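Below is one structure, written out as structure tokens, with a few remarks after it.
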């Protein structure tokens, strides 16, 4: 796989300046950085006799191609980011190439009916955060594809709307042994009836059906959700949304018990001053299990982000994601062996902070720090923590 990708990456490098010279609605930027990674293989501490962490400096070259345009009632946007990494001290393989693709299409059929399409495609190694999911211990090439489509129509103008949604996701690993237990496809169908209660307040009744189909059938499941979502704009600086309901999950594994549970989430956006932005979110749900000895986990999540424009050219950004999962023997799969496996809790954390300094219109410097950590009862051999510090230069062509 890697040789064609390297060729494509080199081709993009060679053609970027030519493309940027033409009068196309295409923006190109180049990001070159040096990073210090203290745990390139996300291993444990090595104190228990295991493999000690390996640290390395990493040279990262990343190009971003952004093409977007509005043609009549149709908007489209395409973002493509190939990334090349060179490790000065990583046994086995010193280079990585990854690709990120995003496509958006919005079309207004009439003033009352619109269609939205969003595709996400990721090819990389060792996923830490993939849109909508978190995976902390799969050191393997993977391909992730997600397509979301929404059709929205106003049944009663400026009062009642109906939204029909669909999502398809496919996560595939390159290694056959990993793929046999971890590859999955997910299809989601949804219906929202949205009522405008006040100009700043809306209430939606929501129904969802989720079909999760693993290559290892014993991990597959079906989920039905029903609930309400309330969104409110309190003032120009503050808005939020709360969502709550009930879900039932049915599993293919004959040993695992079907589950019923409430779910809830809320998010809030606050901009107290110009240049200061807060985002907070919390949630509770029945989520996919990251290990094949359990069909699901009860998961609590917390997300937060803060951005502050310290000066006209200097911006501070902080963001974090925390997950706390609980695994019960009621949801153990047929692979669960009580003599070697155990139920329990798992905590994962991802935190990043960055300082962005815009030298001028085309040039910017970025200093960043990333921390990730996994502490698990159900897969203690996978516990690790990781620190990464990088300094980069971004140039817009």
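Per 0.36 nm of contour for each residue apart, how much would the distance between residue 217 and residue 71 grow if the chain were fully extended, relative to their Cα-Cα spacing?
Additional length available on full extension: 48.1 nm.
Per DSSP H run of n ≥ 4, the term is -39500 (n - 2.57); total these for the chain, divide by its residue number, and report the mean residue ellipticity at 222 nm rounded to 500 deg cm²/dmol.
-2000 deg cm²/dmol, from helical runs alone.
Could you sort 27-35, 259-267 so that the peptide with the highest average Cβ count within 10 Å comes first and the rest follow in order?
Final packing ranking: 27-35, 259-267.
Could you work out the equivalent-ellipsoid semi-axes for segment 23-68, taking the square root of 5 times each eigenvalue of the Cα gyration tensor, largest first, in whole Å?
The three semi-axes for segment 23-68 are 39, 10, 5 Å.
Points 7 angstrom from Cα along the Cβ direction at residue 269 and residue 328: gap in nanometres?
Label at residue 269, label at residue 328, 3.6 nm between them.
Would you kindly state how much longer the chain becomes between residue 174 and residue 159 on full extension, computed as 0.36 nm times their sequence separation minus their alpha carbon distance, in nm to one decimal?
0.5 nm
Once the convex hull of the alpha carbons of the chain is built, what does its volume come to per residue, in cubic angstrom?
It comes to 158 Å³ per residue, whole-number rounded.
Based on the Cβ-Cβ distance of residue 311 and residue 257, what FRET efficiency does E = 1/(1 + (r/R0)^6) give at R0 = 51 Å, to the nearest 0.05?
Once rounded, the FRET efficiency stands at 0.35.
Sorted by mean Cβ packing within 10 Å, highest first, what order do the peptides 56-65, 214-223 take?
Values: 56-65: 17.0, 214-223: 18.5.
Ranked from most to least packed, the peptides come out as 214-223, 56-65.
For segment 2-396, what does the relative contact order come out to in percent, with C-alpha contacts under 8 Å and a separation of six or more?
Answer for segment 2-396 is 10 percent.
Calculate the length of the line joining the C-alpha centroid of segment 217-254 to that of segment 69-96, in whole Å.
Centre-to-centre (Cα) distance: 31 Å.
Throughout, read-outs are computed from the coordinates displayed, never taken from laboratory work. Since the model is a prediction, treat every value here as computed from it, not as a measurement. FYI the Cβ positions are ideal-geometry reconstructions off the backbone, even for glycines, and counts take in every protein chain you see.
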